[in-house]
Amino acid sequence: MSGAFPAPYGGPPPYAGDVPVLRLGDVLLVSLQGDLHDGTAERLQQDISATVAHSGATGVIIDLSGVEIVDSFLGRVLGDIAAQTSLLAAGTVVAGMRPAVAITLVELGLTLPGLRTALSTEDALRLLDGSAPSLPRRGPARREGP
Amino acid sequence: MKRTADGISASLPIHSDLDLVWVRQHVRQAAAQLGFGLVEQTKLVTAASELARNTLVHGGGGLLECAPVSRGGARGLRLTFGDEGPGITDLDQALRDGYTSGEGLGMGLGGARRLVHEFAIDSRPGTGTTVTVTSWMPGAPRPREER
C-alpha cells in the first residue's frame, strides 16, 4: 500500500535491500547504515546464521556506528543473532553503538545482557582475536625458540 | 500524507513496516527542527517507533498525528497514534515490562512511556486505541512563563 509512496524527505531512502555480509578471514563483518526495515533486519539474521554455518567463521562483527536508533525490535534481532551464532560456535560483537542509542536502550529497558560490545570495529576484531581460541589449538600453534 | 509548511505538523498513515521508517524519519526531522538535542531526538524517535509498531501490529494499522505544542513558553512535540483495532482490555498489564501479547519483548508500551515526558493512553475494547505522547524541549524551564 505505502510501497508506492515517493520519498517525502531529502534524506536517504529507507534501506530495503539486503545488508551485505563481508568475510574477513574467520570474521564476518556487517555494517548497518541508516534506518533498517523490519524485514531487512530479519533477513540479515537468517543471512548471518547461514553464512556462519557454511563458512565456519568464528566471529561476527556488527557495526552500528551508522545507526541512529535501535528500538526493541532491532534490539531483539541483535540479541537473537548473538544467541544463534553462539550455538554455531561463533562469537558476535556489536561495535560502535552511538552514546545516544545506548542511553535510549537502557531507558527503554533493553540492556541486552550477553551481547558483547566494542567501541569500534577495530576493538571488536581484537576482542574476537583474543577470545577465538576457546578450544586448545592443535599442533604447533606457537613455537618456542630453537 | 498531509504535511504543513513548518515541516513538523503531519499526519502519517501506518500500514506497513515501510511506514514505520517514514514515521521515524519524520519524527526525527520534526524534533531536530524544533531544536531537540541528539539524545532527546533519539529517545523520541525510539518511542515513536515502538508506538507505531504497536499501532501496526496490534491495532491493525492506523494514523500518526504529529504537532508542535507550546505551554508557558516551553516548546514541545506531540505525537498521537490512533488505531481502530481490538483495543486493550487490561491497560495495567499492557504497560508492564515484559508483558507481551505477541512475539516482541514486551518493552514497547512501558518502554515508550519512559522515553517521553507525557504519556496518555485511551483504549476501548472493540473501538480502538489512542496513545498520545509529548516531549518538551529540555533546557527551558517548563512551567515558567518568563523569557
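What follows is calculated from the coordinates using simple rules that are stated; it is not laboratory data. On a predicted model such as this, the values are computed, not experimentally measured, just so you know. We place every Cβ from the backbone using ideal geometry, glycine too, and count neighbours over all the protein chains shown.
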Integer Hz, Karplus 6.51/-1.76/1.60 couplings in order for segment B:110-124, x for Gly and Pro: x, x, 4, 4, 6, 8, 10, 7, 10, 9, 9, 10, 10, 9, 10
What list do you get for A:H54, A:H37, B:H117, B:H26 if you sort them by fewest beta carbons within 10 Å? A:H54, B:H117, A:H37, B:H26
In whole angstrom, largest first, the equivalent ellipsoid semi-axes that the Cα gyration tensor gives for segment B:7-136 are 23, 15, 14
The answer for the net charge of residues other than B:G87 whose Cβ lies under 14 angstrom from its Cβ, with Lys and Arg +1 and Asp and Glu -1, is -3
If we count other beta carbons within 10 Å of each Cβ, what is the order of A:F73, B:F36, B:F119, fewest first? B:F119, A:F73, B:F36
For peptide B:30-39, what's the mean number of Cβ atoms from other chains within 10 Å of each residue's Cβ? 1
Can you sort A:V21, B:V131 from fewest to most other Cβ atoms within 10 Å of each residue's own Cβ? A:V21, B:V131
So, in Å, what gap is there between the alpha-carbon centers of segment A:54-128 and segment B:1-59? 25
Of all the C-alpha pairs in segment A:14-129, what % are more than 23 Å from each other? 20
Relative contact order, percent, of segment A:14-129 when contacts are C-alpha pairs under 8 Å separated by at least 6 residues? 24
